[in-house]
Structures are given as structure tokens and as C-alpha cells.
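Read-outs: derived from the displayed coordinates by stated rules, not from any lab. Keep in mind that this is a model prediction, so the values were computed, not measured. Counting neighbours? That spans all protein chains shown, and the Cβs are built from the backbone with ideal geometry, glycine included.
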Amino acid sequence: MKQKIPARFMAAAAGLALVLSACSAAPPALLKADGVERVAADRSAYPAELAQLRASARKLGAALLADGGAAGNGNVVSSPGSLLIALAMLRTGATGATAAEMDKVLGLPTQHRDEALNALLASLEAFDGDPGTVDEKNPPRRPVLHSANGLFVDKGVPTGERYLDSLARYYGTGVYPVDFQDEDTTGPAIDAWVNKNTGGRIKKAPAKYNRKNTFSVLNAVYFASAWKVPFDPADTSDRPFTTADGGQVSVPTMSGVQELASARGKGWEAVDLPYADGFVMRLVLPDPGASRLDAQKLADVERALETAPPAPTQLFLPRWDLKSTFELRQVFAELGLQEMLRTESDFDSIQRGLKITEAGQSATITAAEKGTIAAAATQINARAVSGTAADKVIRFDRPFQYEIVHVETGLPLFMGKVSDPSAS
């Protein structure tokens, strides 16, 4: 009973010794499934499922914005894309009432869920790169979108072979066997994984460490890109911004005229600001006095912008540099995932008696004249118990929402709200 990882999982490099050190916080050896290859992904085969995944991500994003995070100042940056991937990896091992609840509450596909996620991830991987090579003062013209999945399991607790096979087959994920009791070694190793896969923007794992845990699933997302048309710093000047409480602050505000797709609907105005390739920042300005936009309204925005013709538009947009942290168990409870939080049996295919103990997300974003840098890490822990004249002007001079959207799949990777750009 000493070797609890299935024998079909082999070391990625020779030897199974864990290369862990408290001083270097090196990651443990990654084990991969012997003979299990990641399946080919054809995005065109799953249009309905991908539409459901987009809707699920928007629902998660709306829940994160409603929660507001720990800052309490009205500014929010979150990654519904990262949270969706982490929850989908957890759902792969769920059964019974918990599986049914997750599908219903999150709106996940009941068929071909993992296949569709695999296709979505494959589309994102077209922009994969090493966050450590990015000069964040000069965001790259070729966008970098790095998404990584990490699974840490206690090496003394049996983990379901079918579950590990599914993660390898559809998510390209191996497993890091660790000793959770050895906090001085395992804690820094998980932090190092987060730090590496977010380009150093997030240095600590977002969920609180617990020595009693036997399972931790993580997703990290890093994004860096220049705008298609950069803002001229000479055109940036201090302009008034009306905050959520009705006060007014003076903030550095970028401006410029670009050919942009924009649309107006009941209670909102929106515009897609393109990056150099493959992504847009979707900026949504609620009407004065209007409430926060929910997932359905954001879907309306998406549909309106899909058919909106580009037109010369003068944009006034404040710079912002924000970070948020979320206690996700609270978000899950608000969504209605009660069974998922309390079950001690429906994750038995992962580990017998597995119960969720902690969950968190940390996210950061910097938006300035040259482009955008953003990163997020999501973690779910558990333990086994048993020059052109403008046709229009859009001024983002009051609280607004934003998304960073992967154009090919429509997935909102990041979502946030700017209530006071002068607050960090």
C-alpha cells in the first residue's frame, strides 16, 4: 500500500524520486499516464457544447463580480475561464447528486463535456508561450495566452485511475504526488507552480494551505498582448471619473480614434477593443444608475457586437492596475452548489470520501497605453475522509465592466469591473 498512484502512471523523467526542496521549492516529479495520449480535438464537432461552456463561464464571471472579492472597493478582476476549467476538472470525477447539481447549476454539457473542453483548450494553445519571457513593459504583438493545469495528490492516498486517465486524455494533465503533511516542502512547491505559470504576477497559491488535504486541483491563466492600435501616451491626460458612490476623482485617461465595433442595448453601451491578434477587450458601460450586468445581459452584448460594423470611434479609457482575491466556497454557495460543497461520497472516483475544504482565486490586470497583462490562478482543495474623424464618442468615465475574450471560441478569459481607477 505504499505506492498509491496507479502503476500505469510513469515518471516524466527517469526515476520516481520527488525532487522537492524547501529552499528551492522545486516542483515534484510530474507523473504521466503510461500509454494514455491526449485525444485530437476538433472544435467544429462541438458547437452546442462550446456555446454552453461560454454561457457557463459568463455565469461564473457574473457570480465573481457579484461577490466582489476581498478588496471591497468596487474594483474587480476575475477569471471565469480559469474557474470553469478547474470546475470541469473536478466535475470529471463527480457522480450522483453532485454531478447532476454541477451540470444544472453551471449549465455544463451533459454529453461530450470533456471533449469540448479539450477542443477549447487546444484552440487557446495556439497562443501558448512562456510567461517568463514576456517584457511586461512592452506587451507582445503576438499575444501570449498560457493556460496550465496542475493536480497535486497525496502520495499516501489512492487516487482513481480512471479519473487520472480522463485528465490526461482530455486536459493533458499529469499528477504531482506530494506529502501534504510536509507543509514546509509541499506548500512552497505549489506556490512555485503558481508563480511560474502566472509569470510571477501571482506568487502564492490562492487557497489556504491545509495539512489535512489530500487533493488540490489548480488552473493558471496568463495573458499578455499589445493593442492592435496602441494609445499614444501624449494623448493621455487626467480626466474626471465618477465613482460608484457618486464621488469624482481625476485619473490618467487614454484617448484615441479607432475603427471599432460598438453597440447599444437596454441599459448599456459596449465596444470591442481589439488586441494585435486573436483577442478583444469587451468594454461594457452600464447606463447611469443601471445595475450590474448579469450573465444574460452579457450574452446580449456578445450577440449585438457580433453583427456590429466597425466605425470610427473616439474612445476615452482610464488606465488601471488592479488585483482581486476570492474565497470561492462562498461563491459556490451563492451559485447553489450545496451538494458539491457537502458531499463526502460523490467524488469517490477521485479519492474515497473526498470533501472540498478550501477554494480560492487570485487575479491581476494591468491595462495601459501599449496593451494588457493579466493573470489568474484558481485552486480547489479537498481531503479524503474516508487620424480619422470619429462618428461617435464613448467615454468610460464612470464604473464599467470588461472582459478579455478569445475571439475564436468566444471564451471570456477575464472579467472585471472598474469602479475607481485611482484605487489599486
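Figures for the structure shown
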item	result
Those aspartates and glutamates that a straight Cα-Cα span of less than 12 Å connects to K212, excepting residues fewer than 8 apart in one chain	D154, D179, D182, E183, E358
Within the chain: Cβ-based charge dipole about Cα centre, in debye rounded to nearest 20 (Lys, Arg +1; Asp, Glu -1)	500
Cross-link table K196/K370; K59/K155; K266/K370; K204/K355, entries beyond 28 Å C-alpha to C-alpha	K59/K155; K266/K370
Cα pair distances exceeding 24 angstrom across the range 317-417, given as percent	47
Local electrostatic count, A148, Cβ distance below 10 Å [Lys/Arg +1, Asp/Glu -1]	0
Gyration tensor (alpha-carbon) shape descriptor, the range 244-397, a/c threshold 1.5	prolate
Peptides ranked, highest mean first, by Cβ atoms within 10 Å: ranges 168-179, 252-263	168-179, 252-263
Share of alpha-carbon pairs per 20 Å distance bin for the chain, given as whole %	27, 56, 17, 0
Segment A126-R342, length gained on full extension (0.36 nm per residue, minus Cα span)	73.9 nm
Within the chain, helix-based [θ] at 222 nm, where runs of 4 or more DSSP H residues each add -39,500 (n - 2.57), nearest 500	-8000 deg cm²/dmol
For the range 113-265, radius of gyration divided by Kirkwood radius, i.e. Rg to Rh on alpha-carbons	1.10
